[in-house]
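Heads up, the thing below is written out as structure tokens.
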Amino acid sequence: MEYSEVVRYYRDARVRREILDYCRGRWVAVAGPHAFARYWANGDPLKLESEADFERLFQELKRVRPRTIYASVNVYGKLEAPSDLEKPENIVLASPIWDIDGTLEHWRDIVEVAKVIVGFLEEEGVTESVFIKWSGKGMHVHIHERAFSEEVRKRIHPLNIAYSVVEYTIRRVKHRLKDLEKRLESEVKVENVIDAKRVFTAPLSLHRQVDLACICLKPEDLDSFDLSWADPRNPKHNEKWREFEEGEADRLAIKAFLDVGGYPGWTGTGERRATVKLGAKAEEEVVGKVGRFQVMALLQAARYYVLKGDLEKAKSFGLNRAIFYAWAKYYGRGYQPRHPTRRPVSTKLVETLGEKTPVSERGWFAMGGIEQRPEDYDRQVASRISAVVPYEEAWRAAVEYVKSFPRKVLADPQKFYKEVYEPVRDEFIEKVVKGKRGKGKTLLDFFG
């Protein structure tokens, strides 16, 4: 779709109503072709609660060229300043959401996996409050956040409920999913990605890459669902996603919390989460310890170093930018802040390589008031890369690779993303390994 068509799509009254009704009280993120935003220009958290906010979105964030709209797992009591996002007591509701990923070509496999999740919830007595979104390339199974009574939400923090219910369910249906695996034609992955800053696609938002709309279904729609329902020209969207029965998920919430123990991000121990991969070939997991998050951080650090020459700040910048994209729901599936208990620091927005980035008084780049220090980069990025290839070798290759581009490309965040990062995001480390083994070749030869 041309951008003019995207703008016209979001002028539709029904589209706006569905997005606004879902996003009220949630922290919003918007994605364009090569940029993201989670804050207004004045630094306030992005939110969509009125028609005026929609108009402001497309005027104030023209640089992003908004295409996809996301909203947080959490519903906040107050959403006026960045500090509101850091207060656990300000989270009044949270949505349990199961993330199911597959391929567009084999969308029916994704539906079959969704049926397993929905079937388990039905067995647990949760029926009226369940809805499913076709997100564009996968499905999100939701329990309406108001399916949990106020009494239970007072006893168990809403984010603890959301995390525990998702985790508990995946653990309990793992054997059913494995039984289903032999009937699938493709790879499908079910994950618990519930996080304090996690966002999911809003109803009737356009997908970031494919020309499909995010439509909602109720469980009874799954058997008849067809991919044509997501055609943005005439989306078949079930507005009953709003329906819920308060209290019907209380029993499941209590059972799950007692078994799982709640959201581990409060204490920084959220590394282990339930994930079920179906149809995946073992040989494809060779470099699984290095993901796009680490590649983004590495190349962003090299970019800063090449342009600014400060290695320590380069590490801070690299990790900061990787976190930014992860929190914007791009390539950070499953990423969690490693130091949620670290005391937030005051920051100010500083123009850095074409973007306004929060910087602490000590000069480190920050996200949500948490500094990204060089030692954090070493732990979260360098150590992960070192498990596959010596980090110093990867760093030299990254610097050589980045230096091969004109400075005007490196100074522009959108051009850097599109021309430098995107072409190698899934194979940079693999090419470093190949380069290491190559005879008479430099590592840069493999990127030529």
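The values are calculated or read from the model by the stated rules, or taken from the named source; none is laboratory data. The structure displayed is predicted, hence computed values, not measured ones. Glycine also receives a Cβ, built like all others from the backbone with ideal geometry; neighbour counts cover every protein chain displayed.
Structure data summary
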| quantity | calculated |
| --- | --- |
| Breaking point among (1) in contact with a Phe, Trp or Tyr (Cβ under 9 Å, 6 or more places away or on another chain); (2) modelled with pLDDT under 90; (3) farther than 29 Å from Glu167 by Cα, for Phe54 | (2) |
| Complete set of residues in region 63-87 that are acidic (Asp, Glu) and either surrounded by 14 or more Cβ atoms within 10 Å (Cβ to Cβ) or assigned to a strand (DSSP E or B) (or both) | Asp84, Glu86 |
| Matching entry among Ala382, Ala366 (being over 17 Å from Lys308 (Cα atoms) and either in a loop (DSSP other than H, G, I, E, B) or modelled with pLDDT under 90 (or both)) | Ala382 |
| Of all residues making up region 41-62, the number that are touching a Lys or Arg at 6+ places or on another chain (Cβ under 6 Å) and surrounded by fewer than 18 Cβ atoms within 10 Å (Cβ to Cβ) | 1 |
| Residues being assigned to a helix (DSSP H, G or I) and not hydrophobic (A, V, I, L, M, F, W, C) - total across region 1-53 | 13 |
| Any hit, region 410-420, residues being of a type in the set (Gly, Ala, Ser), surrounded by fewer than 16 Cβ atoms within 10 Å (Cβ to Cβ), modelled with pLDDT of 90 or more and not in a strand (DSSP E or B) | yes |
| Some residue of region 54-62 being in contact with a strand residue (DSSP E or B) (Cβ under 6 Å, 6 or more places away or on another chain), in the same structural domain as Glu246 (by TED's automatic domain parsing) and not in a loop (DSSP other than H, G, I, E, B) | no |
| Filtered residues of region 217-257 (kept if within 28 Å of Ile156 (Cα to Cα) and not charged (D, E, K, R)) | Pro219, Trp241, Phe244, Gly247, Ala249, Leu252, Ala253, Ile254, Ala256, Phe257 |
| Breaking point among (1) more than 19 Å from Leu307 (Cβ to Cβ); (2) surrounded by fewer than 20 Cβ atoms within 10 Å (Cβ to Cβ), for Asp376 | (2) |
| Long-range neighbours under 9 Å by Cβ, at least six apart or interchain, first residue in the same structural domain as Ala249 (by TED's automatic domain parsing) and without any contact (Cβ under 8 Å) to a residue 24 or more places away in the chain within region 81-98, second surrounded by 15 or more Cβ atoms within 10 Å (Cβ to Cβ) and of a type in the set (Ser, Thr, Tyr) | Lys87/Tyr76; Asn90/Tyr76 |
| Number of positions in region 98-110 that are closer than 21 Å to Ala202 by Cα and either aromatic (Phe, Trp, Tyr) or surrounded by fewer than 21 Cβ atoms within 10 Å (Cβ to Cβ) (or both) | 5 |
| Subset of region 385-398 [outside any helix (DSSP H, G or I) and either under 20 Å from the mean Cα position of the chain (by Cα) or small (Gly, Ala, Ser) (or both)] | Ala387 |
| Sole residue being in contact with a strand residue (DSSP E or B) (Cβ under 8 Å, 6 or more places away or on another chain) and at pLDDT below 95, chosen from Gly279, Gly288, Gly268, Gly262 | Gly279 |
| Given (1) surrounded by fewer than 21 Cβ atoms within 10 Å (Cβ to Cβ); (2) modelled with pLDDT under 85; (3) more than 22 Å from the chain's Cα centre (by Cα); (4) of a type outside the set (Asp, Glu), index of the condition Ile429 fails | (1) |
| Failed condition for Asp195, given (1) at pLDDT below 95; (2) touching a strand residue (DSSP E or B) at 6+ places or on another chain (Cβ under 6 Å) | (2) |
| Sole residue being under 30 Å from Glu89 (Cβ atoms), surrounded by fewer than 19 Cβ atoms within 10 Å (Cβ to Cβ) and touching a helix residue (DSSP H, G or I) at 6+ places or on another chain (Cβ under 7 Å), chosen from Ser149, Ser164 | Ser149 |
| Qualifying residue in region 19-40 (condition: out of contact with any Gly (no Cβ under 8 Å at 6 or more places or on another chain), more than 29 Å from Ala162 (Cβ to Cβ) and surrounded by fewer than 18 Cβ atoms within 10 Å (Cβ to Cβ)) | yes |
| Cβ-Cβ under 6 Å pairs, at least 6 apart or on other chains, region 194-211 side touching a residue at least 12 places away in the same chain (Cβ under 8 Å), far side of a type in the set (Asp, Glu) | Pro203/Glu18; Leu204/Glu18 |
